[in-house]
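**Q** Okay, handing you the structure first.
Readers should treat all values here as calculations from the given coordinates under stated rules, not as data from a laboratory. What you see is a predicted model; the values in this text were computed from it and never measured. We place every Cβ from the backbone using ideal geometry, glycine too, and count neighbours over all the protein chains shown.
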Amino acid sequence: MDSILIFGGGINQLTLIESAKELGYRTIVIDPIESVPAKQVADIFECVDPKDYDKTKELALKYGVKGIVTCQMENPLLLMAKLATELNFIFPTEKAVLNARNKFLMKECFIRNNVPCAKGKLVKQGDKVTSELCNEIGFPLIIKPVDSFSSRGVYKVNKIEEIESYLSNTKSFSSTGDVIIEEFMEGPEVSVESVTQNGVTTMIQITDKVITPYPTAVEMAHIQPSFLSKEIKDQITELVKKAIVALELDNCASHAEVKITTKGIKMVELGARLGGDYITSHLVPLSTGINIEAAAIQIAMGKKPDLKKKFSKGAVIEYILLEPGKKISEIKDWRNVKVPSAVKQAFVFCKAGDVVLPVTDSAKRAGCVIVQADNRKGAVEIAQLASEELKDKISLS
């Protein structure tokens, strides 16, 4: 039995581990936290510091690993690329991963390769944000860390004073303290799940999103399939394929974010990994019948992935929003919101005694429901009802 090394053992990685086992692989899972859920389901679990390359390599050799994979994990990608180069695993190059991890390098790749994207400037740690710099791009602007994820430290700003109020928080989510200031692109935003093998990219699904009101832009719902026309979807697919080539990504899954603006379709960002928020673990299989996590595993192990669409249904994840500043006094049994057959999963991430914080990034959301229906409209309606029911299970004081 061939072994695959899986990076990350959190709740969002469980379906990836299950898929690897269903494909007949021995799962070697590593995570820096000892008590992660994967410890109970992995064939072998090892607690490893995320920066300990030597230990990671040692384990790969010890267990005869034939391939490496992760799902939505962003932080281990550079280490994985280095390991792949040294041990001859199938994985994007270090250069390609760095292009996708550093959002300013990404922007430069897009510009060099004529991939439409937002105008932007890099502000290095210690540099001052000037009015001249901002006016060169033009308000409103987006400020964001150069290499973070999950909407952390991302704000829309309308004047320089707002930048000054948010800048320290944005810098705190950047590994270098560098931030990007870029033009705000008006229009709906979608995400795109794709897989690339040997230079050929297949688009799997396009997802509509609902976000919090600005200045933050935290995702509160994901809806499949997209409401967009086939013509626009085809244009998005071609744009994402061009962006993947620009970053030199190959033999991996990818998660892209795209804006449909009055000036055309433009790239926001593209990650060398699968999407989070249960998009790839739950929504894609529920809307298409395609197990995209299994596809990522098959690519990592040198196999041809199964990308055949089995059906077309509606799938939605909707997050609940609680009143900031309130204390959670009680959480009633919420599992019965799953009783309707359309509600496939429900999660509560908070606990009694917590004080509700403003939803400034993805980690501060209180809970969610995941729904499947025969079509998009039905899934949206059921998700709205189920999320309200879930919200009613949480008492505030």
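**Q** Distance between the C-alpha centers of the stretch 124-161 and the stretch 203-254? Whole Å please.
**A** The two parts, judged by their Cα centres, are 23 Å apart.
**Q** What are the membrane-span-like helices in the chain by this rule: whole DSSP H runs, Cα extent along the axis at least 20 Å, mean Kyte-Doolittle hydropathy at least -1.0?
**A** Qualifying helices, which must be both long enough and hydrophobic enough, are 230-247, 376-392.
**Q** Follow-up. By its C-alpha gyration tensor, with a ≥ b ≥ c as the square roots of the eigenvalues, how is the stretch 139-194 shaped: rounded for a/c under 1.5, else prolate for a/b larger than b/c, else oblate?
**A** Oblate.
**Q** How much net charge surrounds residue 21 when only other residues with a Cβ under 14 Å from its Cβ are counted (Lys, Arg +1; Asp, Glu -1)?
**A** So the environment of residue 21 carries a net charge of -4.
**Q** List, in the order given, every pair from 39/332; 259/308; 21/310; 119/263; 51/103; 57/303 whose Cα-Cα distance in the structure shown is over 19 Å.
**A** With Cα atoms farther than 19 Å apart: 39/332; 259/308; 21/310; 51/103; 57/303.
**Q** Rank the residues 168, 148 as a footprinting-exposure proxy: fewest other Cβ atoms within 10 Å of their Cβ go first.
**A** Fewest-to-most Cβ neighbours within 10 Å comes out as 168, 148.
**Q** Given the Cα atoms of the stretch 189-300, and with Rh set as the inverse mean 1/r over their pairs in the Kirkwood sense, what is Rg to Rh to two decimals?
**A** Result: Rg/Rh = 0.95.
**Q** So for 278, 63, fewest C-beta neighbours within 10 Å to most, what's the order?
**A** So the ranking, lowest neighbour count to highest, is 63, 278.
**Q** Under 11 Å from the Cβ of residue 345, count the other residues' Cβ atoms, weight Lys and Arg +1, Asp and Glu -1, and hand me the total.
**A** +3
**Q** List the trypsin sites (Lys or Arg not before Pro) in the stretch 160-269 that DSSP assigns to loop (not H, G, I, E or B) and whose Cβ has at most 13 other Cβ atoms within 10 Å. Which are they?
**A** Those that pass, being in a loop and sparsely packed, are 263.
**Q** Sum up the charges of everything whose Cβ sits under 12 Å from the Cβ of residue 57, counting Lys and Arg as +1 and Asp and Glu as -1, but leave residue 57 out.
**A** -1
**Q** If we restrict to alpha carbons, what Rg and Dmax does the stretch 138-244 come to, in Å?
**A** Rg and Dmax of the stretch 138-244, Cα atoms, are 16.0, 48 Å.
**Q** Also, quick follow-up: Could you put 360, 170 in order, starting from the residue whose Cβ has the fewest other Cβ atoms within 10 Å?
**A** Going from least to most buried by this count: 360, 170.
**Q** Okay, next question. How large is the translational diffusion coefficient of the stretch 3-91 in µm² per second when you combine the Kirkwood radius over alpha carbon pairs with Stokes-Einstein at 10 °C and 1.306 mPa s?
**A** Answer, rounded: 125 µm²/s.
**Q** For the stretch 314-396, with equal point scatterers placed on the C-alpha atoms only and solvent neglected, what are the log10 I(q)/I(0) values from the Debye formula at q = 0.22, 0.25 1/Å, to two decimals?
**A** Log10 of I(q)/I(0), two decimals: -0.96, -1.14.
**Q** Right, something else. Which length gain, in nm to one decimal place, applies between residue 309 and residue 113 when the Cα-Cα distance is subtracted from 0.36 nm times their residue separation?
**A** 67.4 nm
**Q** Right, next: Hull surface divided by four, with the convex hull built on the Cα atoms of the chain: how many nm²?
**A** Directional mean of the projected Cα hull area for the chain stands at 19.4 nm².
**Q** Taking 0.36 nm per residue of sequence separation and subtracting the Cα-Cα distance, how much length would be gained by fully extending the chain between residue 336 and residue 139, in nm to one decimal?
**A** Difference between extended and current length: 66.2 nm.
**Q** Please work out how much length the chain gains when fully extended from residue 384 to residue 130, using 0.36 nm per residue of separation minus the C-alpha to C-alpha distance, in nm with one decimal.
**A** That works out to 87.1 nm of additional length.
**Q** What is the stretch 106-176 by shape, rounded, prolate or oblate, if you read a ≥ b ≥ c off the alpha carbon gyration tensor as root eigenvalues and call it rounded for a/c under 1.5, prolate for a/b larger than b/c, and oblate otherwise?
**A** In terms of gyration-tensor shape, oblate.
**Q** Something else about it: For the stretch 238-397, what class follows from the C-alpha gyration tensor (a ≥ b ≥ c being the square roots of its eigenvalues): rounded when a/c is under 1.5, otherwise prolate if a/b is larger than b/c, else oblate?
**A** Note, shape of the stretch 238-397 comes out prolate.
**Q** Which entries of 327/377; 128/171; 230/309 show an alpha-carbon separation above 24 angstrom in the structure shown?
**A** From the list (327/377; 128/171; 230/309), the Cα-Cα distance tops 24 Å for 327/377.
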